[in-house]
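A.B. asks: Submitted below is the structure of interest, expressed as structure tokens.
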Amino acid sequence: NAGVTQTPKFQVLKTGQSMTLQCAQDMNHNSMYWYRQDPGMGLRLIYYSASEGTTDKGEVPNGYNVSRLNKREFSLRLESAAPSQTSVYFCAGAADNEKLFFGSGTQLSVL
Amino acid sequence: ILNVEQSPQSLHVQEGDSTNFTCSFPSSNFYALHWYRWETAKSPEALFVMTLNGDEKKKGRISATLNTKEGYSYLYIKGSQPEDSATYLCAFTNDYKLSFGAGTTVTVRA
């Protein structure tokens, strides 16, 4: 049972490049989330998906897009990366309004 | 944006001592309050999900209380051990959107 799997674990981009962070869960979670973690700021919600086929903005959605491809997968796309998007990104899943299960994180650097 | 505040930002505890810290959140439209433990180089792991005013939860030496009417929750660590060193996050939700506080970092000195 893999839980919540994020890829890649590390990525370096140049300003203006695009990339997609992948997240998949095998826990049959309805809800999935993308957070970013910056020093001194805790976890900030980028986007979430309460169920398959729905997505909603979180606290810091600008510069990102998401796709809930199916119940298992929730991807985060940076269309034109900026240095301000250098961060650690966490994907998480949950059954309805229950505890979150987190992936192992993606460390992204934008030069 | 849901305003979730944690205090203090950090604290140091002597091994064997007990400690507690606070999470405050909006008292309107409450649905649930979560506590997570986050060790360095790992991912956050859930400790408690609390939904009822007056709720108390316990897991080993760690416990939490909840006051939804005044909008605060306390996390207690009894008899702190070095393995309790971590950042403790609380998160508030009034629907599916879960907003986190910045965390309290606990360092237990042997």
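The values are calculated or read from the model by the stated rules, or taken from the named source; none is laboratory data. It should be emphasised that the depicted structure is a prediction, and the values quoted were computed from it without experimental measurement. Because the Cβ atoms are built from the backbone with ideal geometry, glycine has one as well, and the counts that use them run over all protein chains shown. Surface accessibility is based on the protein's heavy atoms, side chains included, excluding ligands, DNA and RNA. Shrake-Rupley method; radii C 1.70, N 1.55, O 1.52, S 1.80 Å.
A.B. asks: Just checking, which of A:Glu52, A:Glu59 is open to solvent by 10 Å² or more (accessible area, probe 1.4 Å), at pLDDT below 95 and within 9 Å of chain B (Cβ to nearest Cβ)? First the steps, then the outcome.
C.D. replies: Numbers: A:Glu52 fails: within 9 Å of chain B (Cβ to nearest Cβ).
Going through A:Glu52, A:Glu59 in turn, just one is open to solvent by 10 Å² or more (accessible area, probe 1.4 Å), at pLDDT below 95 and within 9 Å of chain B (Cβ to nearest Cβ): A:Glu59.
A.B. asks: Here is a follow-up. Out of the range A:86-111, which residues are more than 12 Å from chain B (Cβ to nearest Cβ), within 18 Å of A:Val66 (Cα to Cα) and either surrounded by fewer than 19 Cβ atoms within 10 Å (Cβ to Cβ) or charged (D, E, K, R) (or both)?
C.D. replies: A:Thr86
A.B. asks: Taking into account only those residues within the range A:38-49 that are at the interface with chain B (Cβ under 9 Å from one of its Cβ atoms) and under 14 Å from the mean Cα position of the chain (by Cα), which is most open to solvent (accessible area, probe 1.4 Å)?
C.D. replies: A:Arg44
A.B. asks: Follow-up. Out of B:Ser10, B:Ser18, B:Ser24, I need the residue that is more than 30 Å from A:Val4 (Cβ to Cβ) and at pLDDT 95 or above. Which one?
C.D. replies: B:Ser18
A.B. asks: Turning to a different aspect of this structure: With (1) open to solvent by 10 Å² or more (accessible area, probe 1.4 Å); (2) within 11 Å of chain B (Cβ to nearest Cβ); (3) among the hydrophobic types (A, V, I, L, M, F, W, C); (4) in a strand (DSSP E or B) as the list, and A:Met32 as the residue in question, which single condition is left unmet?
C.D. replies: All conditions are met except number (1).
A.B. asks: Go through the range B:58-94 and give me each residue that's more than 21 Å from B:Val106 (Cα to Cα) and open to solvent by less than 10 Å² (accessible area, probe 1.4 Å).
C.D. replies: Across the range B:58-94, the qualifying residues are B:Gly71, B:Thr93.
A.B. asks: Count, please, the residues in the range A:35-58 that happen to be under 27 Å from B:Gln9 (Cα atoms) and outside any strand (DSSP E or B).
C.D. replies: Result for the range A:35-58: 6.
A.B. asks: Of all residues being closer than 24 Å to A:Ser84 by Cα and buried (at least 16 other Cβ atoms within 10 Å of the Cβ) in the range A:62-72, which is farthest from the other protein chains (Cβ to nearest Cβ)? Just the residue, please.
C.D. replies: Residues of the range A:62-72 closer than 24 Å to A:Ser84 by Cα: A:62-67.
In the following step, the residues that additionally are buried (at least 16 other Cβ atoms within 10 Å of the Cβ) were identified as A:64, A:66.
Details: A:Tyr64: 16, A:Val66: 14 Å.
Checking each candidate, the answer is A:Tyr64.
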